[in-house]
Each structure stands twice: as structure tokens, then as C-alpha cells.
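Down below is the structure, laid out as C-alpha cells.
The values are calculated or read from the model by the stated rules, or taken from the named source; none is laboratory data. These numbers were taken from a predicted model, which means no experiment stands behind them. Because the Cβ atoms are built from the backbone with ideal geometry, glycine has one as well, and the counts that use them run over all protein chains shown.
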Amino acid sequence: MIYIKLALSFLLIGLCAFGGGYAVLPLIQQQCVETNRWLTMTEFADLLTLSQITPGPIAINAASFVGMKAGGIAGAFIASFAFMLPPFLIVSLLYVVYRKYGQVKQMQDALSGLKPGVVGLIAVAGLGVIVDTVWGGTVALSSTDAFSAALIVTAFFILRKWKPGIIVTILACGAAGVIWELAGKLWN
């Protein structure tokens with residue numbers, strides 16, 4: 001039963017996966033955290049981190065991780081394959097259509113109209129992870145994790161100003177988290 005649920009969920013995600021890996025994250029979150037409860041929001045945030053630092057596209061990595069957690073190695077294969085199948089078929093079809101009608105104004109208009117929607121999807125996923133990381137899911141001043149908030153802001157500005165790369169930034173933030181926790185234990 002779990003394999004069928006994984007296949008159907010990731011076929012649906014793959015079918016709606018417009019805009020690339022980051023844009024599909026809200027769909028993965030909705031299916032895996034809210035609908036099927038294969039992950040908690042904290043596990044989803046961890047999954048995003050692991051999917052980002054491992055080789056390969058973030059969305060396929062996420063599908064593999066969810067499938068592995070829910071159904072072992074077979075689940076990882078099924079989730080990954082089910083996620084990749086619809087885009088493969090759609091892109092194959094779109095290639096034929098674009099090759100024939102790509103220069104038509106309506107086609108260009110449709111493509112430019114999709115861009116704001118994709119940005120919105122990425123923003124929703126990012127804000128969801130920020131809320132879970134800084135406030136534990138419910139925004140309240142009393143539950144604010146100041147260290148996490150400061151680390152997010154610092155990483156954002158460092159990435160924008162010096163562009164050290166994603167891996168360097170993630171590893172630096174991970175090291176900062178370890179140092180912060182060790183320092184907290186020493187002071188207590």
C-alpha cells in the first residue's frame with residue numbers, strides 16, 4: 001500500500017512540477033508533511049538541507065529521501081521514478097510543440113506568465129521553512145529562535161555580497177550551529 005501511495009503522490013508532484021526543483025518544494029511539503037504525514041515539518045526542513053548538499057537535483061533528492069523513509073530502498077526508487085516520469089513525458093511533448101510553435105507570440109506570453117507563479121511557489125516553500133526554523137511552526141515572539149534568525153539573515157547577506165557558494169554556506173552554518181550548541185553547554 002505504501003508503494004502505491006508513494007507512486008501516486010510523486011506522480012502528482014511530478015505532474016505539477018513546473019518551475020524546477022525549488023518551485024516543487026511546496027508540493028512535496030503538502031503531500032509529504034500535510035497529506036500523508038510521512039514527515040514532520042522539522043524533518044522536511046532537514047530533508048531540504050540534505051537534498052541541497054547531496055549531488056543531484058534537489059527535488060529528485062527529496063523524492064528519494066521521502067521514499068526511503070516511507071518505504072525503504074524500493075520506496076526511494078518508486079518515489080524518484082514516479083516523480084521523474086510526468087516531467088519526462090511533458091518535456092518530450094513540449095519539445096515537439098515548442099519546435100513547431102516556439103516563436104508564436106501566444107507561446108511566449110504563456111511562458112512569461114508562468115514566471116511570477118514559479119517565484120510565488122518558491123517564496124511559499126522558503127517562508128514555510130523560515131517559520132518552522134525560527135518559530136517552530138507558529139509565529140510568536142516568545143518562541144523565536146534568535147540564533148536561527150540571525151544565522152538566516154547572515155547567510156542571506158553573505159550569499160548576496162560575496163557569493164561563496166551554497167555548499168560553503170551550508171557547511172559554515174552547520175559549523176556555526178555546532179559551535180553555538182557546544183558554547184551553550186559549556187556556559188550551562
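Data overview
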quantity	calculated
Number of positions in the stretch 30-67 that are touching a Gly at 6+ places or on another chain (Cβ under 6 Å) and either part of a helix (DSSP H, G or I) or farther than 23 Å from GLY174 by Cα (or both)	4
Filter result for VAL66 (under 24 Å from ALA123 (Cβ atoms), at pLDDT 95 or above and not polar (S, T, N, Q))	yes
Test result for PRO164, closer than 24 Å to THR54 by Cβ, of a type outside the set (Ser, Thr, Tyr) and outside any helix (DSSP H, G or I)	yes
Candidates ILE90, ILE78, filtered to the one that is loosely packed, with under 15 Cβ neighbours inside 10 Å and of a type in the set (Val, Ile, Thr)	ILE90
Hits in the stretch 80-125 - residues which are among the small types (Gly, Ala, Ser) and either more than 25 Å from VAL139 (Cβ to Cβ) or in contact (Cβ under 8 Å) with a residue 60 or more places away in the chain (or both)	SER80, ALA82, SER92, GLY102, ALA110, SER112, GLY113, GLY117, ALA125
Selected residue (only one of PHE157, PHE147 is part of a helix (DSSP H, G or I), in contact (Cβ under 8 Å) with a residue 12 or more places away in the chain and of a type in the set (Phe, Trp, Tyr))	PHE147
